[in-house]
Every structure is written in structure tokens, then in C-alpha cells.
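In what follows, a single structure is set out as C-alpha cells and then discussed.
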Amino acid sequence: MVQISVERGTRFRLDLPAIDSSLAAVQSDFARINETLNTPRDPMTDEVRANMMAGYALIDDALGKGLDLFELGNSRWLLKLNTLILCGTDRDRRDAYMQHIAATEERFYQDQHGGIAALIEWLRKHSDKAVWMRAAGAYIHILSRPQLYLEGNHRTGALVMSYILAREGQPPFVLSVENAKAFFDPSSLVKETRRHGLGMLIRLPKLKKRFAKLLKENGNRRYLLPHAGARNR
């Protein structure tokens, strides 16, 4: 992948049709992809794909507004992102999930080790790292135990990575036929690892580098569009 210098202050949007095209290709080929995985995954249904696109649309909206989702007052966007992954935009489905959504919110704000405050603190401490390392680290923080959300950490974490990358002018992470195995297999390892256990010292640093390499070398700029306004104020 050829890296492109991005002028400080430039904003970007996501090419949502291009992203959906890649997800559609994965959906069509998912049975074959699943056979190659160390840990098989649930099928990518139309609902899963539609919910992912709703999440990408939310990220695109945040990018268009120039929002820092990790600033005080903006964290509800990250909760909404998880709700979209699980329920999509259907109001009746969200109503049916109200108890689950409330429980997720409590965990999100109250868990001292796995909640949003811990993630924000991790990002603050690593603000000097390359964006791919920060995006990979945030994903691992979300997915490793204790997880940030009650459900949907893989998919929501992938969207959070996309936001971190695109906000700094790098292509978002988009699942493709080519990168699916390289994403799913290490994700399964992360999910089974405790962040504050021995695995943190042995396994997670290697996995973080593995994800960062995946993000840097497989990013596709066709998923990224210059913002019409193009400049932060």
C-alpha cells in the first residue's frame, strides 16, 4: 500500500457504496471463507451486513462533523454504534433490546477495567504511536477480556478501528475476501485473552503488531473520500 501524506486538518468521509460492495463479496463467499478459519464464524446474513453498514454510516456522520468520539460528551456515539451493530435501525428491535442496551450502558460506563474510561486512558497514553498501532490497540482493548460491550465486540471494534484510521486520513478497515482470515483468526485469539493476565505480557503485544501490519498493508484508499469542506475549523 502506498502511503499518502495528509495535510493536518484535512477531513475525510467514507465511500459507503464501495464498503458495502466489499461486504457483499464476503457474504457471497462466506461458506468457503469459514472453512479456512481456525474457529468458524456465524454466517454473514443480510441483517449482519445491513447493521454493519448502519455502523459505517454513523462513523461517516461523525467524520463529517469532525467529532472526536473519545472526548467527554461524545462517548454515547460509541454506545449507539454497538446498538446499531446488534439491532440495526429498526425501532421495534431496539425496543425489544432495551434491557440489554441498558445493561451494556452500565458496563460501558461502570466497569473500571473494561469500560470506556479505560479505553480512553489507553489511547491517551499511546497518543504518540502510529495510527495503525493505536487502532489495533483499541480493537484489542475492546475485544479482550473484560470486553467493552456485552455483545458485538468484533464488529463494533472493527468500526472503531475504521473511525480512528479515517480521522487521520488512512483507509478504514473493511472486511474483504482477501483479508477475512487474517482478521478473524487472530481476533479469536484476542477474544480468549485476559487483558490483565499473563496473556497480556506474552500474546497481546504480538497480536497488536499483527493487526497493525494488517491495517497498514491492506488499507484501500477507495473506501476514503475527501470531505467536501475538507478543513477543520
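The values are calculated or read from the model by the stated rules, or taken from the named source; none is laboratory data. The structure presented is a predicted model; accordingly, all values stated were derived computationally and were not measured. Ideal geometry is used to build each Cβ from the backbone, glycine not excepted, and the neighbour counts take in all protein chains shown. Heavy atoms of the whole protein, side chains included, go into the accessibility calculation; ligands, DNA and RNA do not. Shrake-Rupley method; radii C 1.70, N 1.55, O 1.52, S 1.80 Å.
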For this session: With the condition kept exactly as written, say whether any residue in region 108-115 is more than 24 Å from R41 (Cα to Cα), open to solvent by less than 40 Å² (accessible area, probe 1.4 Å) and assigned to a helix (DSSP H, G or I).
Result: yes
Exercise. What is the residue count in region 156-171 for residues that are in contact with a Gly (Cβ under 7 Å, 6 or more places away or on another chain) and open to solvent by 10 Å² or more (accessible area, probe 1.4 Å)?
Worked result: 1
Exercise. Inside region 42-53, can you point out the residues that are without any contact (Cβ under 8 Å) to a residue 40 or more places away in the chain and either assigned to a loop (DSSP other than H, G, I, E, B) or open to solvent by less than 20 Å² (accessible area, probe 1.4 Å) (or both)?
Worked result: D42, P43, M44, T45
Problem set entry | Only one of E121, E105 that is free of Cβ contacts under 8 Å to residues at least 60 places away in the same chain and over 23 Å from S187 (Cα atoms) | E105
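Residues checked against (1) within 13 Å of the chain's Cα centre (by Cα); (2) polar (S, T, N, Q):
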| residue | (1), (2) |
| --- | --- |
| L58 | yes, no |
| F70 | no, no |
| T83 | no, yes |
| G88 | no, no |
| D92 | no, no |
| E105 | no, no |
| R124 | no, no |
| A130 | no, no |
| I140 | yes, no |
Seminar exercise, completed: L204 vs (1) at pLDDT 95 or above; (2) buried (at least 18 other Cβ atoms within 10 Å of the Cβ): all pass except (1)
Problem set entry | Identity of the residue in region 84-107, among the small types (G, A, S) and part of a helix (DSSP H, G or I), that ends up surrounded by the fewest Cβ atoms within 10 Å (Cβ to Cβ) | A102
Problem set entry | Residue satisfying condition, being buried (at least 19 other Cβ atoms within 10 Å of the Cβ) and either aromatic (F, W, Y) or over 21 Å from F108 (Cβ atoms) (or both), within set A138, A228, A182, A212 | A212
